[in-house]
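Notes to accompany the following structure.
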Amino acid sequence: MINLKEKKHTQTINLLARTPSSPLYKHQTLARQSIDRKPHTSTYSKSAMDGGGGGKKHFVLVHGLCHGAWCWYKVATALRAAGHRVTALDLAASGAHPARLDEVRSFEDYSRPLLDAVAAAAPGGERLILVGHSHGGLSLALAMERFPRKVAAAVFAAAAMPCVGKHMGVTTEEFMRRTASKGLLMDCQTVAINSRNSNNGVAIVMGPRFMEEKYYQESPAEDLTLAKLLVRPGNQFLEDPVMKDEELLTAGNYGSVRKVYVVAKADGSSTEEMQRWMVAMSPGTEVEEIAGADHAVMSSRPRELCDVLLRIANKYD
């Protein structure tokens, strides 16, 4: 049962952020230093860092299951150095968000930080580029359905991408069907969430072997270490009514937003085959490929992902 020591975990994250010897402190310090660099000193391509003359855009970065805003530190730094606005969000009970998992009563509550951020975008003015990773793609879909005119484009980076005419949970169901028979989840565990809300279901706890061999296998060792320190149990909300509503995503709203799918070609978790299955379910989706990218594409191939995002920023207003 998860009463999950979530408050203790949040305190640990905050302590890590203030402790000079901790990986999180070092990464935050590096990020702050990188933001102050001139573009030509960056390891990213000059054309990408110059932004291509497309003007400043506002990127909203959404993490996947068990992760937090911290996982975007490389990409967020590069986008800011290129002159763009970046909002990296912690969804409810994720990252440094103060809520405990058993306090998040629905998928909408879980996605509330994103929904509020998109709702706050200036009406008739600023349009956002939403970027979702992994399970975060489902939160993106909900925001796109609610606020289609506030989104210039939505980027699904090795992410769950639902389609019009089917319930959102179909992507998770298909993923579980494909992985269960192959044992791809390895040492991940599911545990019951101790809550009065019967819809809360079970949480997934990522196993260290799974993270090392299927999720971060192409990423720097430092990023794997950071992830092992900071991941929290996550809820897929499989029994939530939002996940089962086949009429939730409409062609006029969700279907009208430009979609770009970034295929991580070395993904050991959500395989390339699974990613292309989702693309095929949504005709008209633009596809970008990143060779050598594991599931944590923002960690394993941050430069290539940033280049893709900057091209999208220049293309869509």
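The values are calculated or read from the model by the stated rules, or taken from the named source; none is laboratory data. Bear in mind that the values here come from a model prediction, so they are computed numbers and not experimental data. FYI the Cβ positions are ideal-geometry reconstructions off the backbone, even for glycines, and counts take in every protein chain you see.
Answer yes or no: is there a residue in segment 298-317 that is modelled with pLDDT under 95, of a type in the set (D, E) and within 19 Å of H58 (Cβ to Cβ).
There is at least one residue in segment 298-317 that is modelled with pLDDT under 95, of a type in the set (D, E) and within 19 Å of H58 (Cβ to Cβ).
When you check L130 against the structure, is it crowded, with 21+ Cβ neighbours inside 10 Å and either modelled with pLDDT under 95 or in a helix (DSSP H, G or I) (or both), yes or no?
Numbers: crowded, with 21+ Cβ neighbours inside 10 Å: yes; either modelled with pLDDT under 95 or in a helix (DSSP H, G or I) (or both): no.
Answer is no for this residue.
Out of the residues in segment 83-96 meeting the condition of being small (G, A, S) and in a loop (DSSP other than H, G, I, E, B), tell me which one is surrounded by the fewest Cβ atoms within 10 Å (Cβ to Cβ).
We begin by selecting, within segment 83-96, every residue small (G, A, S); these are 83, 88, 92-96.
Now drop any that are not in a loop (DSSP other than H, G, I, E, B), which leaves 83, 92-96.
Details: G83: 16, A92: 24, A93: 25, S94: 29, G95: 22, A96: 18.
The extreme case among them is G83.
Give L238, L249 a once-over and let me know the one that is modelled with pLDDT of 95 or more, over 16 Å from the mean Cα position of the chain (by Cα), surrounded by 15 or more Cβ atoms within 10 Å (Cβ to Cβ) and under 14 Å from T171 (Cα atoms). Talk me through it step by step, then tell me what you get.
Values: L238 fails: modelled with pLDDT of 95 or more.
So the residue among L238, L249 that is modelled with pLDDT of 95 or more, over 16 Å from the mean Cα position of the chain (by Cα), surrounded by 15 or more Cβ atoms within 10 Å (Cβ to Cβ) and under 14 Å from T171 (Cα atoms) is L249.
Could you say which residue among K228, K182, K214 is more than 28 Å from V242 (Cα to Cα) and without any contact (Cβ under 8 Å) to a residue 12 or more places away in the chain?
Details: K228 fails: without any contact (Cβ under 8 Å) to a residue 12 or more places away in the chain; K214 fails: without any contact (Cβ under 8 Å) to a residue 12 or more places away in the chain.
Of the residues listed, the single one that is more than 28 Å from V242 (Cα to Cα) and without any contact (Cβ under 8 Å) to a residue 12 or more places away in the chain is K182.
If a residue has to be more than 18 Å from A69 (Cβ to Cβ) and in contact (Cβ under 8 Å) with a residue 40 or more places away in the chain to count, how many in segment 122-141 make the cut? Write out each step before concluding.
At the first step, the residues of segment 122-141 found to be more than 18 Å from A69 (Cβ to Cβ) are 122-127, 141.
Within this subset, residues satisfying the condition of being in contact (Cβ under 8 Å) with a residue 40 or more places away in the chain are 126-127, 141.
So the answer is 3.
Being under 19 Å from D294 (Cα atoms) and assigned to a loop (DSSP other than H, G, I, E, B) narrows it down to one residue among K166, K182; which is it? So that I can check it myself, show each step before the final result.
Working: K166 fails: under 19 Å from D294 (Cα atoms).
From the options K166, K182, the qualifying one is K182.
Quick one: in segment 220-247, which of the residues that are part of a helix (DSSP H, G or I) and hydrophobic (A, V, I, L, M, F, W, C) is farthest from D90 (Cα to Cα)?
Going through segment 220-247, the residues part of a helix (DSSP H, G or I) turn out to be 221-230, 241-244.
Subset that is hydrophobic (A, V, I, L, M, F, W, C): 221, 224, 226-227, 229-230, 242-243.
Numbers: A221: 23, L224: 19, L226: 16, A227: 15, L229: 16, L230: 12, V242: 20, M243: 21 Å.
The extreme case among them is A221.
Just to be sure before I move on: is R80 surrounded by fewer than 23 Cβ atoms within 10 Å (Cβ to Cβ) and under 26 Å from I193 (Cβ atoms) in the structure I sent?
Values: surrounded by fewer than 23 Cβ atoms within 10 Å (Cβ to Cβ): yes; under 26 Å from I193 (Cβ atoms): no.
In short, no.
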